[in-house]
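The values are calculated or read from the model by the stated rules, or taken from the named source; none is laboratory data. None of these values were measured; they are calculated from a predicted model. For neighbour counting, all protein chains shown are included, and Cβ atoms are generated from backbone atoms with ideal geometry for every residue, glycine included.
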Amino acid sequence: MNKNELIIQLNQPEYQSSPLYFIIDSLTEDKLYQNFFLYKESDPYAVLYQQTRFNELYQAGPIFVQTSINSPLADYLLNNLSHWGWLFISEAPFEKLVEHFRWLITAKYIIDGSTVIFRYQDPRVLYKLIPALTPAESLQLFNSIDQIWIQDLNKQWQEFILNSQTLDKTQAENVPDSEKNEMFILSRKMLEATGNDNVLIDNLQKELWHSYPVEMGRLLAHGELENMLLHILKEAKNLGFTAYDQLRKFIIWSGQHGVNFQRIEKLRNQLIAVETAEERFKIIEKYFS
C-alpha cells in the first residue's frame, strides 16, 4: 500500500483504540535526529542508545516514540522521507517496549558467537528478515507487538499481522527479556535473507559518516570506499562463502562496539596496495579471522 492508504487504514476505528509506535532510524538523513524534536510535540519517546554502553553514539541509534498517524511527526516522516523506520501497534506498556528494544540493540551471531550491533531500525533490513524467522525467533523479536507496517524496497508499505497462536504474547509478557536469552540470536539464515548488497554498504556508510564526518568526507569524496567494498563483496561471493559471510556481517551489523575508523582506514590502505580481487579477498579473510 502507498502512504495515503496506510494513513486511511490507521484512521479506521479498529486501530484508534491501540497505541501506535514508531521505530525511527535516525541515520536516514543528516538532520533527522534534530528534526525529530521539532515535530514530536508532546509524544512520549526514548532515544534507545541512551542508558546503554552506546550512549556516546545516541544520535546514531534508533528512536522509539508513541504517536498518532495524524501527528506532525508522522506527517513529516511519511511525506518527506523513505525507509525512515517502521511502525506498529501494541497493548504493552511503554516502559516494557523501551526495555525490549534496548535489549535488541546487541545480538549474538550464532556462527561464531560474536556480539554485534543489530540495526533492526532499518526497514530494508527488517523487511527481508521477517520471512526468515522461526516462530520462536518471531516471539523474541516481536514480543508484545500485534501488527507492524514496514516500507519495502519499492517504497510500498507492507503489513504483517503476528499470529497469536504462533506468538504466545500472554506468556511472553510475564518473562523479562533478560531471562529469555542473554541476547537475541542472529542465525545464518537471517543474515542470508537480508540480501541487497547496496543496503549493506549504505548501513556501513551511515555509521561511518556519523562517527567520523571529516575523515569520511575525505575517504568517500568520490564514493571510493563503498565502491571498493561492493566490489569486494561480489568477488568474495564468487571466491568463498566464509569471507563473504564475515564481510556482510561486519557491514550490516556495524561491528562489535560501533565502527572503528582506524581499522577501516588500515583495511582500505591494504586493499588499494594490491591489484587483484584474489589478493584483496585474502586480505579480507585475514582481517576477519
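Some notes on this structure:
- Test for L73: is it in the same structural domain as D146 (by TED's automatic domain parsing) and modelled with pLDDT of 95 or more: yes
- Any chance A92 is in the same structural domain as I161 (by TED's automatic domain parsing) and part of a strand (DSSP E or B): no
- Considering region 1-67, the qualifying helices (runs of 4 or more DSSP H), each wholly inside and each with 3 or more residues that are modelled with pLDDT of 90 or more and either in contact with a strand residue (DSSP E or B) (Cβ under 7 Å, 6 or more places away or on another chain) or closer than 16 Å to W86 by Cβ (or both), run over 3-10.
- Test result for A74, in a strand (DSSP E or B), of a type in the set (A, V, I, L, M, F, W, C) and in contact (Cβ under 8 Å) with a residue 12 or more places away in the chain: no
- Within region 82-140, the only residue that satisfies the criterion of being touching a Gly at 6+ places or on another chain (Cβ under 7 Å) and of a type in the set (D, E, K, R) is K128.
- Checking region 131-139 against the condition returns a match, with at least one residue being β-branched (V, I, T), in a loop (DSSP other than H, G, I, E, B) and either buried (at least 20 other Cβ atoms within 10 Å of the Cβ) or more than 14 Å from the chain's Cα centre (by Cα) (or both).
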